[in-house]
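Participant: Quick one: structure below, then a few questions.
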Amino acid sequence: MAKSRRLWGGRFKCKPAASAEAFGASLAVDRRLARFDVEGSLAQALMLEKAGLVSAEEGRAIRAGLESIRAELSAGRFRFEPSDEDIHTAVERRLYELAGPAAGKLHTGRSRNDQIALDERLYLRDLLARLDAALKELQKSLLAWARRYPRVIMPAFTHLQHAQVILFAHWCLAYLEMFQRDRDRLAEAGRRVNISPLGAAAGAGSSLPLDPEFTAGQLGFAGVFANSLDAVSDRDCLVEVLADLALAAAHLSRLSEELVLWSTSEFGYLQLDPRYCTGSSALPQKQNPDIPELVRGKTGAVFGALVSLLTTLKGLPLSYNRDLQEDKAPFFAAADSVLASISILGEMLPKSRLNPEAMERAAGSGYTTAIDLAEFLVTRGLPFREAHGLVGGVVLYCQEQGKRLEELTLKELKSFSRLFNASALQALTPRESVRRRRSPGSTAPDQVAARLKYWAGKLA
Ligand code: ARG
């Protein structure tokens, strides 16, 4: 076993208690930051060389060592030692093994405080790119699903009661718009992620001629911190991204809830691909919608992570406090589960089969065209409030007669108002109801078709 290379032993006469060391260790959580730690160190090494703080020869040795570590990491050959307290220790320990004493110069003008802040931002940048790509795939799946069933109609629900008639494609587009807002929010957060904290050192900056602009440029950041104290203690971008993830998770959960509902025999709108379902160990007939249930179920932990992080921050004095180490585990868990949820829904959705007959049947039940009848009266000059009351009477009549609205005769309609004519009768079928929509952003077939076309172009 390699000998322990604690980064901070000098002022201690004793070794840490094994229990304290174990309690403080973070490698199990922060080892996923390894490649970002190396990336940041490569920029740091170049900067030190440029500033004359390491010689060209030392700089070369450090960078060659870091490159080897990078290769070991990506090949899965990097060996973590039980004595590595955290990812920074692991990388520096290995660098000593590879580059010798020059390794001791890498941490010049740097602290783990700005180092971890940097690693987190590099990780976030990578995460945001992956989230955006996954959300885009999910949007494409919704688009593909909508285009597979362009004419299918269904009820629009309010209060989970049949309300009006819509195109299934309109429902798909609702989620597509939602996930676009999630992408926009994450991109917006990304602008604030993209600021380098490297060079803030332990919190007050350095007496050495560091060049934070240079390292920021090397690492592709758009800007550099303005205040070193803020730079090492700021975890806003983790909070922001997590808040955006929480909202995205809420959206995923709402979508999942509809998939679960639609797969019930009560609804019968949907048959999930059996490859994404499970059976029951007890009930031989079951095919359960586990994937959307799990997506829905994982949402709580994502919300919890947000509250956890905010609570960690709320009592902290400036600047760095070790409490901040606790930001990672909940964040990583939340990010992993949202990313996995987005991916699996995107994969599963277009493979799910609709039952258009059931949806169409449902679209026509529950007097979903009552509003069309009222709006017909409005076009004949009746104030909407009066039309509403009058059509309420028609619905009551239908209920008593056990009739659907479209089964009414013209004679029956006319007994409610002389304004009704044959065209009013026509307005009562579910398909006609959709066809007659015309307001912007509505389920009108031409509006929906235009929006599908817009998204096909945008997501191509
Ligand atoms: N593991 C620490 C964290 O995640 C790294 C920074 C440690 N800094 C320190 N002064 N002990 O926050």
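Participant: Could you go through the stretch 123-131 and let me know if any residue there is crowded, with 21+ Cβ neighbours inside 10 Å, within 16 Å of the ligand (Cβ to nearest atom), over 14 Å from the mean Cα position of the chain (by Cα) and not polar (S, T, N, Q).
Facilitator: yes
Participant: Can you go through 219, 173, 210, 186 and tell me which one is crowded, with 17+ Cβ neighbours inside 10 Å, touching a Leu at 6+ places or on another chain (Cβ under 6 Å) and either in contact (Cβ under 8 Å) with a residue 40 or more places away in the chain or of a type in the set (Lys, Arg) (or both)?
Facilitator: 186
Participant: What number of residues within the stretch 86-110 satisfy the criterion of being part of a loop (DSSP other than H, G, I, E, B), buried (at least 21 other Cβ atoms within 10 Å of the Cβ) and either free of Cβ contacts under 8 Å to residues at least 40 places away in the same chain or within 13 Å of the ligand (Cβ to nearest atom) (or both)?
Facilitator: 2
Participant: Here is a further query. So, in the stretch 145-163, how many residues would count as being surrounded by fewer than 17 Cβ atoms within 10 Å (Cβ to Cβ), outside any strand (DSSP E or B) and not aliphatic (A, V, I, L, M)?
Facilitator: Total meeting the criteria: 5.
Participant: In addition: Could you look through the stretch 16-51, keep only residues that are in a loop (DSSP other than H, G, I, E, B) and within 16 Å of the ligand (Cβ to nearest atom), and pick out the one that is modelled with the lowest pLDDT?
Facilitator: Restricting to residues being in a loop (DSSP other than H, G, I, E, B) and within 16 Å of the ligand (Cβ to nearest atom), the top hit is 16.
Participant: Mind telling me which of the residues 298, 286 ends up being at pLDDT below 95 and of a type in the set (Lys, Arg)?
Facilitator: None of the others qualify; the one that does is 286.
Participant: In the stretch 311-325, is there at least one residue being closer than 19 Å to residue 238 by Cβ, without any contact (Cβ under 8 Å) to a residue 40 or more places away in the chain, more than 16 Å from the ligand (Cβ to nearest atom) and not in a loop (DSSP other than H, G, I, E, B)?
Facilitator: yes
Participant: Here's another thing I want to ask about it. Assuming residue 54 fulfils every condition listed in (1) within 23 Å of residue 196 (Cβ to Cβ); (2) assigned to a helix (DSSP H, G or I); (3) more than 16 Å from the ligand (Cβ to nearest atom) apart from one, which condition is it?
Facilitator: Unmet condition: (2).
Participant: Moving on to the next point. Pairs only if they're at least six apart or on different chains, beta carbon under 9 angstrom, first in the stretch 396-411 and farther than 17 Å from residue 164 by Cα, second among the β-branched types (Val, Ile, Thr); list them, first residue then second.
Facilitator: Partner pairs satisfying both residue conditions: 408/394.
Participant: While we're on this one: What helices (runs of 4 or more DSSP H), lying completely within the stretch 344-460, carry at least 3 residues that are touching a Leu at 6+ places or on another chain (Cβ under 9 Å) and either within 24 Å of residue 269 (Cβ to Cβ) or not small (Gly, Ala, Ser) (or both)?
Facilitator: Passing ranges, in order: 370-379, 384-401, 445-459.
Participant: Condition first: among the hydrophobic types (A, V, I, L, M, F, W, C) and within 16 Å of the ligand (Cβ to nearest atom). Can you find one or more residues in the stretch 62-80 that meet it?
Facilitator: Checked against the condition, which is being among the hydrophobic types (A, V, I, L, M, F, W, C) and within 16 Å of the ligand (Cβ to nearest atom), the stretch 62-80 yields at least one hit.
Participant: Could you give me the residue pairs with C-beta distances under 9 Å whose first residue belongs to the stretch 278-303 and is in contact (Cβ under 8 Å) with a residue 12 or more places away in the chain, whose second residue is exposed (fewer than 13 other Cβ atoms within 10 Å of the Cβ) and of a type in the set (D, E, K, R) wherever it lies, and which are 6+ apart or on separate chains?
Facilitator: 278/286
Participant: Go through the residues of the stretch 248-257 one by one and say whether even a single one is over 30 Å from residue 357 (Cβ atoms) and surrounded by 20 or more Cβ atoms within 10 Å (Cβ to Cβ).
Facilitator: The answer is yes; a qualifying residue exists.
Participant: Just to check your reading of the model, which residue among 352, 417, 343, 423 is over 30 Å from residue 449 (Cα atoms) and touching a residue at least 40 places away in the same chain (Cβ under 8 Å)?
Facilitator: 417
Participant: Something else: Considering only the stretch 182-278, give the helices (runs of 4 or more DSSP H) lying wholly within it that have at least 3 residues that are away from the ligand (no atom under 16 Å from the Cβ) and in contact with a Phe, Trp or Tyr (Cβ under 6 Å, 6 or more places away or on another chain).
Facilitator: So the answer is 236-262.
Participant: I've got another one for you. Collect the residues in the stretch 287-310 that are within 16 Å of the ligand (Cβ to nearest atom) and farther than 21 Å from residue 122 by Cα, keeping them in residue-number order.
Facilitator: Selection gives 308 alone.
Participant: Could you grab me the full set of residues in the stretch 190-200 that are surrounded by 22 or more Cβ atoms within 10 Å (Cβ to Cβ) and either under 28 Å from the mean Cα position of the chain (by Cα) or hydrophobic (A, V, I, L, M, F, W, C) (or both)?
Facilitator: 193, 196, 197, 198, 200
The values are calculated or read from the model by the stated rules, or taken from the named source; none is laboratory data. Since this is a predicted model, take the numbers as computed values, not measurements. All Cβ positions, even for glycine, are placed from backbone atoms using ideal geometry, and neighbour counts span all protein chains on display.
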